[in-house]
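Worksheet: the structure to be examined is printed underneath.
The values are calculated or read from the model by the stated rules, or taken from the named source; none is laboratory data. Source: prediction; values computed, not measured. Don't worry about glycine lacking a Cβ; one is built from the backbone with ideal geometry, like all the others, and counts go over all protein chains shown.
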Amino acid sequence: MLGVPTEYFLVLSGILFTIGVIGVLIKRNPIVIFMCIELMLNAVNLTFIALGRHFVHVNGQMYVIFVMAVAAAEVAIGLGIIVALFRSKETINIDEVNLMKY
Amino acid sequence: MSFNWSLMVFFILAGISVGSALLVVANRNPVRSALFLVVNFFVLAIFFLTLSAQFIAAVQVIVYAGAIMVLFLFVIMLLNLGAPEALKERGGLQMPVAIALAVVFISSLGLAGSLTTGLPPTRATPATVDGSPYFTNRDILLPADLAQKLRNGADPATAYLRDQMHPEVQAKLAAYRDSDAPSVELISDMKRELNRLVDGPNLYDPQRFSSVRLSRETQKLLNSASPMTDRKRINRLLLQDVFPLEITKSDQMGSVETIGKAMFDAKQPWLLPFELTSILLLVGIVGSVVLARRRG
C-alpha cells in the first residue's frame, strides 16, 4: 500500500488505541479488559510498523517482536491470576475484587 | 482522474478493524468479544503484510490469532463465563466519564499531531534497508558464488560488469579457484568495485541486460525516474537483479532473513533484549505454574 500516507495509519492506530482505553475503563469483566489491553498493544504495533516503513528501517519491526513476546507472557500470567481469583472468590467481577484497595 | 485503489482498500480494512474493535468493547458476551478480537487481529495482519512486514504478519496470526486467542477462549470456557448475564455491567457515571476521557485523549492526540510539522517525506523506492544505495560486506550473501559468476562472465551483463572493474581485482578474480573460500580481501575488493559501479554512470542498456530478469521495482524506476537523480538507486537495483541470490535484495525489509540479521548483529542493540525476553518467558512459565498450583 505505497499509495496510503503513513499519517492515515497513525490516525487509525490512535483510534484503535482509544477504543482499547474506553474498554479498559468501562468493562467489568477482567477477561474483556485483557482483550482491550491486547487491542491497545496492537494499535502500538501498527504505529511501529507504519513508521518503520516510512523511514525504511527494520527497527520498527524489531520493537514489534518484543511487544508480542511481552504480550504473550502478560496474557499467560494475567489469565492465570484470573483463574486463581475465580477459584478463591467464585467471581471475577472487578468490583468485587477489592481486597487490595483498603 | 485516476482512482486510488490502495486508498480504498485501506479505508475498507480500517472500517472493519475499527468496527470489530468497537464490537469487542460493546459486546456483553465475552466469547463474542473474543471472536471479534480475532477479526481485528487478522485485519491488522493484513495491514502488516501491506506495510512490507511479512514476518510480523505471520507471527501476528500465529501468536495473537492462534495462541493468545485460544488461551482467552479456554479460560472463558473453563470459568463458564459464556452466559451474557454472568456479569452485570454497572451503570452510573462510569460510561459517560470514560467516553469524555476518550474524547479528551483523542483530541489531545489530534492537537499534538497538528502542532508538529509532520513527518519528513518518505523515500519512495528504498534502495536498501537502511536507505543507502551502497553495499556493505554483509550485503554479499554468497561471496564464493559471486566471485565465480564474475570470473566466468557467462552472460553479457556479468561480463560487462567484470570488465568495468579495476584490473587488479579482475586478476584476482581470474586467479580464484572454485574449491577455495574467497578471502576477506577479495570480498571487500568486490564490494568496493560494486560500489564504484553504483557510483558510476547508468549501467542500463537494453541489449546488455537482455538476459537478466529485471524486477518490477527496477522496471518501474527505469520507466519513471529522472536518470540524473536516481542513477545510484537504479544501478544498485540493476546489480541486485544481475546477482539475485548472491547479494541482498532491497525489498526484503520484513523478511525473516533481514530480521534475523538485525536481531543477531552485534553492532545493533537487539541481542541483549532478545536474551532478556527468554528470561521473561521463563519467569512467566514459573509464575503461571505457581498460580495454578492447588493450595492446601
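A few points about this structure:
- Some residue of region A:71-79 being under 25 Å from B:LEU109 (Cβ atoms) and in a helix (DSSP H, G or I): yes
- Only one of the listed residues (A:ILE19, A:ILE37) is at pLDDT 85 or above, at the interface with chain B (Cβ under 7 Å from one of its Cβ atoms) and closer than 30 Å to B:PHE10 by Cβ. That residue is A:ILE19.
- Exactly one residue among B:ALA171, B:ALA147, B:ALA154, B:ALA181 is surrounded by fewer than 19 Cβ atoms within 10 Å (Cβ to Cβ) and touching a helix residue (DSSP H, G or I) at 6+ places or on another chain (Cβ under 9 Å), and that residue is B:ALA181.
- Qualifying residues in region B:238-290 (those that are polar (S, T, N, Q), within 11 Å of chain A (Cβ to nearest Cβ) and assigned to a helix (DSSP H, G or I)) - the one nearest to the chain's Cα centre (by Cα): B:THR258
- Note on region B:140-182: among residues that are more than 21 Å from B:ASN202 (Cα to Cα) and of a type in the set (Lys, Arg), the one that is nearest to the chain's Cα centre (by Cα) is B:LYS149.
- Every condition in (1) facing chain B (nearest Cβ under 7 Å); (2) in contact (Cβ under 8 Å) with a residue 24 or more places away in the chain; (3) crowded, with 20+ Cβ neighbours inside 10 Å holds for A:THR47 except the one numbered (1).
- Those residues of region A:84-102 which are assigned to a loop (DSSP other than H, G, I, E, B) and aliphatic (A, V, I, L, M), in sequence order: A:ILE92, A:VAL97, A:LEU99, A:MET100
- Region B:271-296: number of residues that are surrounded by 17 or more Cβ atoms within 10 Å (Cβ to Cβ) and modelled with pLDDT under 90: 2
- Identity of the residue in region A:50-102, within 7 Å of another protein chain (Cβ to nearest Cβ) and polar (S, T, N, Q), that ends up farthest from B:ILE76 (Cα to Cα): A:GLN61
- Filtering region B:11-38 to residues that are over 16 Å from A:ILE19 (Cα atoms), part of a helix (DSSP H, G or I) and touching a residue at least 24 places away in the same chain (Cβ under 8 Å) leaves B:LEU13, B:PRO30, B:VAL31.
- Which numbered condition B:PRO182 fails, given (1) free of Cβ contacts under 8 Å to residues at least 24 places away in the same chain; (2) outside any helix (DSSP H, G or I): (1)
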